[in-house]
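Okay, handing you the structure first.
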Amino acid sequence: MEQQINVLVVIDPSQQTHPALERALLLAKRPASDTSAKMVFVVTPFKHTLQQTPAVLCTSEWLKENLHDQMAGSHVEYSVVLGWGSSSNDIIIEAGKELNVSLTIAPYYEEQSGGRFLSDERWKLLRESTNPVLIASRPAENHTGKILCTLKSQDPENSERDSRMLATTARFTETFGMEAHIVNSYDDSMEYPDRAKIAALANVPNERIHVKQGEPEDVICDTANDIDADIIVIASQQRKGLRGALRGNTIEKIIGRLDRDILMI
C-alpha cells in the first residue's frame, strides 16, 4: 500500500523567484518507491530583516500563473493555504503542526547587504520547527540529485545525532530517488573514523563515503563541491528563548560558503 507524506512549501508572493517551489517540483518529479509526497503550499510573505516587504496582492491570477500552471502536468496531489499574521515563522510552524507535515521547504533570498547568511527569523524557524526544514536556494538547472549527509561517527556523543541524520537521508533517497553520500571529518589519525561502521550504518556504497582530515566546515564544503551535491544535511538543536539566539558556528560557516540547499534536522 502506497504511503503519503505531507510536504509544506513556502511561497513568498512579494518575490519574483520561488526557489522553494522549484525544489518541490524537482523532488516531486523524481522516481519514488512506495511513498508519495503531497505538496501543501503556504503562501505568505517571507519577511527579510534588511529590507521592507512591499505590499502584495495575491490574486487568483497570481496563483494560477505562479502555482497552478507550474503544477500542471506534474500529477502531484497538492493544496494551497493562505497565511497571514505578524510572523511568517509562526504561520509556517503552525501549518506544519496542523497539517502533520514531514518536511518544510522554505526559500532563501540573498540579503541586500550581499552576504549569504541566515537572519535571526530564519534561525528561529530552524530551531522551533517540529519537522526537518529545507532551505532552498539552488537554481533548478543545477540539480544533480545528490544529497550529502554530514556525520561525526568517531564521537560517541554524536551517535543519536548521526542516527537522526542517516534516517532523514534514507527517507529522502527512498521517497525522492536521490543519490546519498556520506562525509565524515576527523582531526588526526588517532580518531580516524571506522569506514566499515559508516558503511553498515548508512547502507551506501564505499565510493560514496568521504572520510577526510580537516576542520568540519572545510571538509563538508570541499566534499559538497567535489560531488556537486544538491542538498547538505546538517543537524541543529531545537532551542527557544535566549538559547534560541545562539547559532552553530560550523553551520554558519557552511551556509556562508555553499550556494546549495541546506536540510536542517
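At a 10 Å Cβ-Cβ cut-off, how would you order ILE254, ILE5, fewest neighbours first? Intermediate values should be presented prior to the final figure.
Numbers: ILE254 21, ILE5 15.
Arranged by neighbour count, lowest to highest, ILE254, ILE5 become ILE5, ILE254.
Show me the ranking of peptides 14-21, 144-151 by mean Cβ neighbours inside 10 Å, starting with the highest.
Going by the mean number of other Cβ atoms within 10 Å, highest first, we get 144-151, 14-21.
Subtract the Cα-Cα distance of LYS253 and ASP90 from 0.36 nm times their separation in residues, and report this length gain in nm to one decimal. Mind dumping the intermediate values first?
Numbers: separation 163, 0.36 × 163 = 58.68 nm, distance 2.64 nm.
56.0 nm is the gain from fully extending LYS253 to ASP90.
With each label point set 7 Å from Cα along the Cα-Cβ vector, what nm distance links ALA140 and THR17?
So the two model labels end up 1.3 nm from each other.
Please arrange PHE46, PHE172 by counting, for each residue, the other beta carbons lying within 10 Å of its beta carbon, fewest first.
Taking fewest neighbouring Cβ atoms as first place, the list is PHE172, PHE46.
Quick note: the coordinates plus some simple rules give every number you see, no bench work behind them. No experiment lies behind these values; they were computed from the predicted model shown. Glycine also receives a Cβ, built like all others from the backbone with ideal geometry; neighbour counts cover every protein chain displayed.
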